[in-house]
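Every number here is computed from the coordinates shown, using simple stated rules; none is lab data. If you're wondering where the values come from, they're calculated on a predicted model, not measured in any experiment. Cβ coordinates were reconstructed from backbone atoms using ideal geometry, including for glycine residues, and neighbour counts include every protein chain displayed.
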């Protein structure tokens, strides 16, 4: 399968610290790729390497089928909002966009007005960008990334500092960009629930290492409702007892823990069957992971998630 | 590249500092002739007071009638412009502009928006340097126009001066100013802050450089005792800006006018330093990650 963006063992080392460690990302066209990680996990550094703001220490980047420095010709196809939006505070939103249009060689009449409308800043008039609220600046940043009609958008924490209304607007904007303009988006965030509402694919990064890459459906599957059964070291026997009830979808995690993925109405029967087989049960409960819990489970910690 | 240049040119036109510094260039260029005019007025007043005095002996009057500052000189616009330029006034303003303009894009992060259009970041450096060069030339021309206008306005006995001789010196001064502007621009790319390049640029352009060069020259002469006295000023940009004036410039504060050899040396210094600054700026920007 050919990907729009593919990285192969992409690594960035600052001094002695590996900010990004052999990351292999696979991005399909038309996807919204949610890049999940704690603060300092390596999300921004990864995105900077993709867009050429940082040089990789090692590894390869293949973008639109062009590898490493050969991708220079394809760079016009990407729009970038990394960290804070880069805007001239003394200029209006229109002028900020106009500058980038000049750099992109765009002279179409009404083009800037169109972008201002897309980002909801069409009514700001001559207000200087320096006087904008954080949300407005963020939207202008996204607007700047949209100049040149990029095929790939790299958005680093675009909903940071936005109020709930602003977050909703950005979410709707991103969804419409994918639908209407057929864009592909990589969006990094540590606001996981929000990301789960827009992303079609996820990459989970921790300490510079990409722990897992999965689709939205796979994530839903991972986080879905399950019966958590904790035994006293006899999970194999417990599994056999449960199977005797015709319940077969389950994961034996270790000697003590089993996750049962069906038969949610049959918990009393399970308890009876386990007692009959004299299996000591510490606890049995119905639970489902939120994306946060799943992330914490994967990264093995609760800090900053 | 042309699109980037177009963008930077638009930024130049949209930037307030472009106009503020240009207005300052006009004002500062007018200050020198105005100051000379004041001195002339003082001199004339003293001369009139002496003539009106009856108590002084003829000997005392003769001694006091010696011209205090200039005597009867013809005020040449070209000389006045050179006085302004060698006073490093324009160099100072060009330094301030270059640092503000180059750092503008880096400080607010706008450069991040341009990664798609300037994957080779040296393009961006070259485009910025071209804008700085255009602005430097405009500043020097503004200085010439303002000085000429105010000199013609203030002094009844003014003339344009030897334009042929002036053109040579003005050309060399343009090169020296360009190279100096490239130097501070390159320094700005290197440290990515306004403070350091501003301090270094202003220090060198405000006469402190000459002091440092003299001290270093003294040290070299004392340590190595060369046959001919070594003068570092001759091989530096601001040193040459200070000392490059036309022959026969009545207002020259330096030791006489520049010979052909001096002009050639200053030209070589400007080209070498300017090219080095441009290359270093490009390499540094290519190598360093954007923060």
Can you give the alpha-carbon Rg of segment A:11-117 over 2.2 N^0.38 Å, where N counts its residues? 1.27
I need the peptides A:105-116, B:177-188 ranked by packing, meaning the mean over residues of other C-beta atoms within 10 angstrom, with the highest value on top. B:177-188, A:105-116
Cα-based Debye curve of segment B:153-291 sampled at q = 0.13, 0.20 Å⁻¹ gives log₁₀ I(q)/I(0) of -0.68, -1.21
Mind checking the mean number of beta-carbon atoms from other chains within 10 Å of the Cβ atoms in A:95-103? 6
Given a 10 angstrom Cα cut-off, can you work out which residue in A:181, A:38, A:280 is the most mobile in a GNM of chain A? A:280
Is the shape of chain B best called rounded, prolate or oblate, per the rule: a/c under 1.5 gives rounded, else a/b larger than b/c gives prolate, else oblate, with a ≥ b ≥ c the square roots of the Cα gyration tensor eigenvalues? prolate
Kirkwood Rh in Å, taken over all unlike Cα pairs in the protein assembly as shown: 29.3
Test of understanding: ordering A:118, B:86 by Cβ neighbours within 10 Å, fewest first, what list do you get? A:118, B:86
Given a cut-off of under 8 Å on Cα pairs at least six residues apart, what relative contact order in percent is computed for segment A:225-287? 51
Could you give the length gained by full extension between residue A:172 and residue A:275, i.e. 0.36 nm per residue of separation minus their alpha carbon distance, to one decimal place? 31.9 nm
Counting only helical runs of four or more DSSP H residues, what would the 222 nm mean residue ellipticity of the protein assembly as shown come to if each run contributes -39,500 (n - 2.57) and the total is spread over all its residues? -17000 deg cm²/dmol
Have a look at segment B:69-126 and give its Rg and Dmax from the Cα atoms, expressed in angstrom. 20.1, 64
When N counts the residues of segment A:126-188, how does its alpha-carbon radius of gyration compare numerically with 2.2 N^0.38 Å, as a ratio? 1.11
Placing each pseudo-label 7 Å from Cα in the direction of the beta carbon, residue A:287 and residue B:43 end up separated by a distance in nanometres of 9.6
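With an 8 Å Cα cut-off and a minimum separation of 6 or more residues, compute the relative contact order for chain A in percent.
20
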What do you get for the angle between helix B:260-287 and the principal long axis of chain B? Use alpha-carbon atoms, 0 to 90 degrees, nearest ten. 30
Per residue Cα convex hull volume in Å³ - calculated over segment A:148-305: 151
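Give me the extension gain from residue A:8 to residue A:215: residue separation times 0.36 nm, minus the current Cα-Cα distance, reported in nm with one decimal.
Going from the current span to full extension adds 72.6 nm.
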Which stretch or stretches of segment A:115-134 have amide N atoms under 11 Å from the point lying 7 Å from residue A:180's Cα along the Cα→Cβ direction? A:115-120
For segment A:40-88, shape from the Cα gyration tensor axes a ≥ b ≥ c, cut at a/c of 1.5 then a/b versus b/c, turns out oblate
Alpha-carbon spread of segment B:61-181, three principal axes, descending order, Å: 75, 28, 22
When each pair of different Cα atoms in segment A:5-215 is counted once in the 1/r mean, what is the Kirkwood radius in angstroms, to one decimal? 17.4
Coordinate range along principal axes, alpha carbons of segment B:144-228, Å, largest first: 51, 42, 21
Could you give the angle, 0 to 90 degrees to the nearest 10, between helix A:134-146's Cα long axis and the longest principal axis of the Cα atoms of chain A? 80
Going by alpha carbons, how many degrees (0 to 90, nearest 10) lie between the helix axis of B:16-52 and the longest principal axis of chain B? 10
Selected from B:274, B:164, B:104 as most flexible by GNM, with chain B as the system and alpha-carbon contacts under 10 Å: B:164
For B:97, B:117, B:26, what ranking results if the residue with the fewest other Cβ atoms within 10 Å of its Cβ goes first? B:26, B:117, B:97
Peptide-level mean, for A:48-56, of C-beta atoms on other protein chains within 10 Å: 4
Mean-square fluctuation check for chain A, GNM, Cα pairs under 10 Å: which of A:282, A:137, A:76 is largest? A:282
Could you list log10 I(q)/I(0) for segment A:225-287 at q = 0.20, 0.23, 0.26, 0.28 Å⁻¹, which the Debye formula gives when each Cα is one point scatterer? -0.62, -0.86, -1.15, -1.38
Using Cα pairs under 8 angstrom and six or more residues apart, how large is the relative contact order of chain B, in percent? 26
Mind putting together the pair-distance distribution for segment A:19-63? All Cα pairs, 5 Å bins, whole percent per bin, short to long. 5, 19, 32, 27, 15, 3
